[in-house]
Amino acid sequence: MHTFMQQLINGLSLGSVYALLALGYTMVYGVIKLINFAHGDVYMLGAFWGYYVIRFWHVNFFIALVSAMVLTAVCGVVIEFLAYRPLRHAPRITALITAIGVSYFLENIMSYFFGASARNFPQAIKVHSYHIAGISISNVQVLILVVSIVLMIALQLIIKQTKMGKAMRAVAVDPDAAELMGINPNHVISFTFAIGSALAGAGGVLIGLYYNSIDPLMGMVPGIKAFVAAVVGGIGSIPGASIGGFLIGILETMVQAIGLSAYKDAAVYIVLIIILLVLPSGIFGKRTKEKV
């Protein structure tokens, strides 16, 4: 029982980062029906920014976190403007291939300028472990979970309570009708990329603090797993992406706990296949009918 609870705590910490990444996927897909496969590499950019400002500018963790969110938000807007906006009315496969191209571009440009070797993320926060009923919980795990939940709640408030959030929901439902009502779809889409990328940047800094290691290819596997989390939860659903992220994180740690670490990635994709067979729209997804 202690082992189960320990892995549950570990899974919640890891899953909260997957959830932040999955939210970016689901927001962009919900608004423009694009799978932004460069999203995991924006997460990597956030981790590297956090690394440099903490190590060389000696800022505290929270300043590094906020500045990484700002930087990655700007990067997300630039990527959307340069790579995706010219293809807005192109076939979806064109935009998908472009997203993969942007992903490889970011990975290789970072490898070229900063090297492909892993770097140790600075310990911006001194680690303390608390032992409760035989379960070990570190202050870093608590911090990651709290920061992630706060960001998720803030996102939900933005979408449900603000004018821009209402515009995002309108563009997601019918962009042409939204434009007729005076909403600028380009502004809404740029804002969506900014928010999703900022969450990815925060996830990058948090995971750097958690694992103490970053590299230019660090966003590849987590990015795909976060996409799986978004699909499992119901892509296009904000609560679904959050729940999906936590489920994938817990599943991964539980598989490691039973001695199958080599198969933790396979377990994630097996769950994806099962979910798609049983619930093709995901746990919180809605079935939509299309006229033929």
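Throughout, read-outs are computed from the coordinates displayed, never taken from laboratory work. If you're wondering where the values come from, they're calculated on a predicted model, not measured in any experiment. Cβ: placed from backbone, ideal geometry, glycine included. Neighbour counts: every protein chain shown.
Structure values in brief
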quantity: Principal-axis tilt of helix 185-211 within the chain, Cα atoms, nearest 10 degrees; calculated: 10
quantity: Protection proxy ranking, peptides 121-128, 184-191, average beta carbon neighbours within 10 Å, highest first; calculated: 184-191, 121-128
quantity: Acute angle (nearest 10 degrees) that the helix 238-257 long axis makes with the longest principal axis of the chain, alpha-carbon atoms; calculated: 30
quantity: Helix-only mean residue ellipticity at 222 nm for the chain, each DSSP H run of n ≥ 4 adding -39500 (n - 2.57), per residue, nearest 500; calculated: -24000 deg cm²/dmol
quantity: Ser138 long-range amide H proximity, modeled H, under 5 Å; calculated: Tyr130
quantity: Three-way shape call for the stretch 75-139 based on the alpha-carbon gyration tensor, with the a/c threshold at 1.5; calculated: prolate
quantity: Theoretical gain in end-to-end length, Lys126 to Phe105 [0.36 nm per residue, Cα-Cα removed]; calculated: 4.1 nm
quantity: Descending Cα extents along the principal axes, the stretch 111-225, whole Å; calculated: 57, 44, 23
quantity: Proportion of all alpha-carbon pairs of the stretch 163-292 beyond 21 Å (%); calculated: 54
quantity: Additional length obtainable on full extension of the chain from Leu277 to Val173, 0.36 nm per residue less Cα span; calculated: 34.8 nm
quantity: For the chain: relative contact order, % (alpha-carbon pairs under 8 angstrom, 6 or more apart); calculated: 37
quantity: Amide N proximity, the stretch 199-231 versus Ala116 label position 7 Å along Cα-to-Cβ, cut-off under 17 Å; calculated: 214-221
quantity: Inverse mean reciprocal Cα-Cα distance (Kirkwood Rh) of the chain, Å; calculated: 19.4
